[in-house]
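Presented below is the structure to which this report refers.
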Amino acid sequence: MIEVRNLTKHFGSKVAVGGVSFKLEKGEVLGFLGPNGAGKSTTMRMITGFIPPTSGEIRVGEFDMLHNPLPAKALIGYLPENAPSYSDMTVGGFLGFAAEMRGLSGEAKKKAVSRAVEMCFLENVLHQSIETLSKGYRHRTCFAQSIIHDPAVLILDEPTDGLDPNQKHEVRSLIKRMGETKAIIFSTHILEEVEAVCSRAIIIDRGNIVANGTPTELKRRAVDAGAVTLRFGSGNAKQIAAKLEGTPAARKVMVLSENPPVVRAFPKTPESASDLARAAFELAGKEAWTVEDLHVEEGRLDDIFRSITLPDTKEVRQ
Amino acid sequence: MNFTLNSQRHIWTIAKRELIGFFASPVAYVFVVVFLLLSGFFTFMIGGFFERGQAGLEPFFVWHPWLYLFLVPAMGMRMWSEERRMGTIELLLTFPITPWQAIAGKFFAAWTVIGLALLLTFPLVITVNYLGSPDNGVITASYIGSFLMAGAYLAVASMTSAMTRNQVVSFIVSVVACLFLILAGWPPVTNLLSSWASPVVVDAIASFSVMAHFDAIQKGVLDTRDLLYFVSVIVFCLFTTSVIIRAHRAG
């Protein structure tokens, strides 16, 4: 549905986006991650046709956004950052306006508005002026605007920003549900959101894609991924660590705590994680250790995010 | 899907939204009331409408270039700067419409409010017709000229509004630009200019002024050149608006 090739954007001498390429199909939910100012919003603004890129290509469906913007824009629903809306209108009036701008009128317009109102839980404020609403309602009003025409492509810039935990949960499940039939891109700072909703994630740093994969693939790149952590009822943590280090699958064993004894063993390669777990289990049986807990670390998105976007870990970025 | 056929509908949708905005806030009411009060004051107190002893609306129309100088930029200053300040421009320009449709829709909405204020001066027309027998052709021509002149000012305000997200800056710049449109053909200024510039240059500058064109129309002559002048000022300024908006988006 979306294909972006070598997209760049320069603001004066500053490079905001420096060559971004990716593809997105129907049924995928793509999470955009990155520190503030990494170029997430700029990229989304270019895809939606709000700002022209310095160079590169954008295809939405079968249309070229740069040369044939109107049919391309018609396929997209867009929630800009900070969810702007016309504060002098009522919620119903604003959604009606958005529906008309999308070419809907009469019965189709009414249906579209009531569908969006229902999906975003706006029944209570339908006749209220937008300027009197709380931030959460304003946000949902703008969100409703983006899905009013049931678009094939949804681009959401921080859709859960400023919402309370319940509302966040609602919006997430809404995105997940709609992701089955649409192509969705959304940006966020919240990493658990990516794990909960996305089928794929892209990490952007300083205008470049530094990681692209499923959340599971990305987590595997974290330092802790594949490590085996063991907790014991009793015993000497240092001795246990020394024994574990002797197993062929272990690269390094760390003592995390002396009492209760907790050790973490790192595998030689990420693929040998299960070998290491098996070896540790067998060793524990042989040595009659009182194992209370044994698990393989999945790796955390936070860690991978920090290790590839922090300025002082440049060497990790290649 | 045919997008050109939808063009007029999009312009109308945007204009309708703008009009709702004008009447939901006090902007439209304030404009109409202040316009009526001020034009009444100038016509009767300063223009000497009754003392002249002539059935005509010259004392009414002669003030319009000056009245519009402040009122029209006040009307147009929020046109684009508000969109930029609130971020709604990002919504507006990612809808499947061309920037032209948005510019035209906003322009026509504000122009309609000005037209409404002008229409509400109809008691003056009734009064002169009751008191004497004026040349109603001249009055009609003057109304058309006044409306076109307001459109020209409004287009200037649209242009300056697109330049900044600050409404005060937008207002001041458009007042200055409109003042130029007046003064370029105002006799005291043209006299001053003719003391050092050649008559050709003075005439060229004066032809940019709304004064000469509005005066001609006020005399009851609807010359194509005068109409063309106002229309071309409007088209030029709206075109510049689109250029400014595009440049702003490109960063």
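The values are calculated or read from the model by the stated rules, or taken from the named source; none is laboratory data. In this text, all values refer to a predicted model and were calculated from it rather than measured experimentally. All Cβ positions, even for glycine, are placed from backbone atoms using ideal geometry, and neighbour counts span all protein chains on display.
Out of A:LEU276, A:LEU244, report the one residue that is touching a Gly at 6+ places or on another chain (Cβ under 9 Å), buried (at least 20 other Cβ atoms within 10 Å of the Cβ) and among the hydrophobic types (A, V, I, L, M, F, W, C). Working first, answer last.
Working: A:LEU244 fails: touching a Gly at 6+ places or on another chain (Cβ under 9 Å).
That would be A:LEU276, the only listed residue that is touching a Gly at 6+ places or on another chain (Cβ under 9 Å), buried (at least 20 other Cβ atoms within 10 Å of the Cβ) and among the hydrophobic types (A, V, I, L, M, F, W, C).
Quick check: is even one residue across the stretch A:192-215 over 21 Å from A:GLU3 (Cα atoms) and either hydroxyl-bearing (Ser, Thr, Tyr) or in contact with a Phe, Trp or Tyr (Cβ under 6 Å, 6 or more places away or on another chain) (or both)? No; the residues of the stretch A:192-215 include none that is over 21 Å from A:GLU3 (Cα atoms) and either hydroxyl-bearing (Ser, Thr, Tyr) or in contact with a Phe, Trp or Tyr (Cβ under 6 Å, 6 or more places away or on another chain) (or both).
Evaluation of B:PHE230 against the conditions (1) in contact with a Phe, Trp or Tyr (Cβ under 9 Å, 6 or more places away or on another chain); (2) crowded, with 17+ Cβ neighbours inside 10 Å; (3) without any contact (Cβ under 8 Å) to a residue 40 or more places away in the chain shows that the sole unmet condition is (3). Can A:GLY77 be described as outside any loop (DSSP other than H, G, I, E, B), facing chain B (nearest Cβ under 9 Å) and either more than 28 Å from A:LYS26 (Cβ to Cβ) or touching a residue at least 60 places away in the same chain (Cβ under 8 Å) (or both)? Taking the combined requirement at face value, the residue does not satisfy it.
Summed over the stretch B:38-74, the residues that are closer than 14 Å to B:TYR153 by Cβ and in contact (Cβ under 8 Å) with a residue 60 or more places away in the chain give a count of 9.
So, A:GLU118, is that one of a type in the set (Asp, Glu), closer than 22 Å to A:ALA152 by Cα, in a helix (DSSP H, G or I) and more than 7 Å from chain B (Cβ to nearest Cβ) or not? Taking the combined requirement at face value, the residue satisfies it.
Any residue in the stretch A:140-159 that is surrounded by fewer than 20 Cβ atoms within 10 Å (Cβ to Cβ), outside any loop (DSSP other than H, G, I, E, B), within 13 Å of chain B (Cβ to nearest Cβ) and not charged (D, E, K, R)? Can you show your working first?
Step one: filter the stretch A:140-159 for residues surrounded by fewer than 20 Cβ atoms within 10 Å (Cβ to Cβ), giving A:150, A:152.
Of the ones still in play, those that are also outside any loop (DSSP other than H, G, I, E, B) are none.
No: the stretch A:140-159 contains no residue that is surrounded by fewer than 20 Cβ atoms within 10 Å (Cβ to Cβ), outside any loop (DSSP other than H, G, I, E, B), within 13 Å of chain B (Cβ to nearest Cβ) and not charged (D, E, K, R).
Residues checked against (1) surrounded by 22 or more Cβ atoms within 10 Å (Cβ to Cβ); (2) more than 14 Å from chain A (Cβ to nearest Cβ); (3) touching a residue at least 24 places away in the same chain (Cβ under 8 Å):
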{"position": "B:THR88", "(1), (2), (3)": "no, no, no"}
{"position": "B:TRP100", "(1), (2), (3)": "no, no, yes"}
{"position": "B:ILE103", "(1), (2), (3)": "yes, yes, yes"}
{"position": "B:PHE108", "(1), (2), (3)": "no, yes, yes"}
{"position": "B:THR112", "(1), (2), (3)": "no, yes, yes"}
{"position": "B:GLY115", "(1), (2), (3)": "no, yes, yes"}
{"position": "B:PHE122", "(1), (2), (3)": "no, yes, no"}
{"position": "B:VAL125", "(1), (2), (3)": "no, yes, yes"}
{"position": "B:VAL128", "(1), (2), (3)": "no, yes, yes"}
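For the condition of a type in the set (D, E, K, R), surrounded by fewer than 14 Cβ atoms within 10 Å (Cβ to Cβ) and part of a helix (DSSP H, G or I), what is the one hit in B:ARG225, B:ARG249? Spell out the reasoning first.
Details: B:ARG249 fails: surrounded by fewer than 14 Cβ atoms within 10 Å (Cβ to Cβ).
Being of a type in the set (D, E, K, R), surrounded by fewer than 14 Cβ atoms within 10 Å (Cβ to Cβ) and part of a helix (DSSP H, G or I) holds for just one of B:ARG225, B:ARG249, which is B:ARG225.
Filtering the stretch B:188-222 to residues that are over 19 Å from B:MET149 (Cα atoms), surrounded by fewer than 17 Cβ atoms within 10 Å (Cβ to Cβ) and not hydrophobic (A, V, I, L, M, F, W, C) leaves B:PRO188, B:ASN191, B:SER194, B:SER195, B:SER198, B:PRO199, B:ASP203. Scanning the stretch A:1-32 for residues that are among the basic types (Lys, Arg) and within 14 Å of another protein chain (Cβ to nearest Cβ) yields a total of 2. Among the residues making up the stretch A:33-73, a single one is among the aliphatic types (A, V, I, L, M), touching a residue at least 40 places away in the same chain (Cβ under 8 Å) and at the interface with chain B (Cβ under 9 Å from one of its Cβ atoms): A:ILE51.
Could you tell me whether A:GLU292 is surrounded by fewer than 18 Cβ atoms within 10 Å (Cβ to Cβ), in contact with a strand residue (DSSP E or B) (Cβ under 6 Å, 6 or more places away or on another chain) and either more than 25 Å from A:LYS40 (Cα to Cα) or free of Cβ contacts under 8 Å to residues at least 12 places away in the same chain (or both)? So A:GLU292 fits the description; yes. Comparison of A:THR42, A:THR8 shows that the only residue that is of a type in the set (Val, Ile, Thr) and within 27 Å of A:GLU180 (Cα to Cα) is A:THR42.
Kindly indicate whether any position in the stretch B:193-203 is in a helix (DSSP H, G or I) and closer than 30 Å to B:TRP100 by Cβ. Full working, then the answer.
Quick first cut of the stretch B:193-203, residues in a helix (DSSP H, G or I) only: B:193-194, B:199-203.
Within this subset, residues satisfying the condition of being closer than 30 Å to B:TRP100 by Cβ are none.
Among the residues of the stretch B:193-203, not one is in a helix (DSSP H, G or I) and closer than 30 Å to B:TRP100 by Cβ, which makes the answer no.
Output the number of the condition that B:SER133 fails; it satisfies all remaining conditions of (1) over 23 Å from the mean Cα position of the chain (by Cα); (2) surrounded by 15 or more Cβ atoms within 10 Å (Cβ to Cβ); (3) polar (S, T, N, Q). That leaves (2) as the condition not met. Residue count for the stretch B:194-223 under the criterion of being of a type in the set (Ser, Thr, Tyr) and either touching a Leu at 6+ places or on another chain (Cβ under 7 Å) or at pLDDT 90 or above (or both): the result is 1.
Quick one: is A:PHE97 more than 9 Å from chain B (Cβ to nearest Cβ) and among the aromatic types (Phe, Trp, Tyr)? For A:PHE97, the condition - more than 9 Å from chain B (Cβ to nearest Cβ) and among the aromatic types (Phe, Trp, Tyr) - is not met.
Under the condition of being over 21 Å from A:GLY162 (Cβ atoms) and not basic (Lys, Arg), the residues counted in the stretch A:176-194 number 4.
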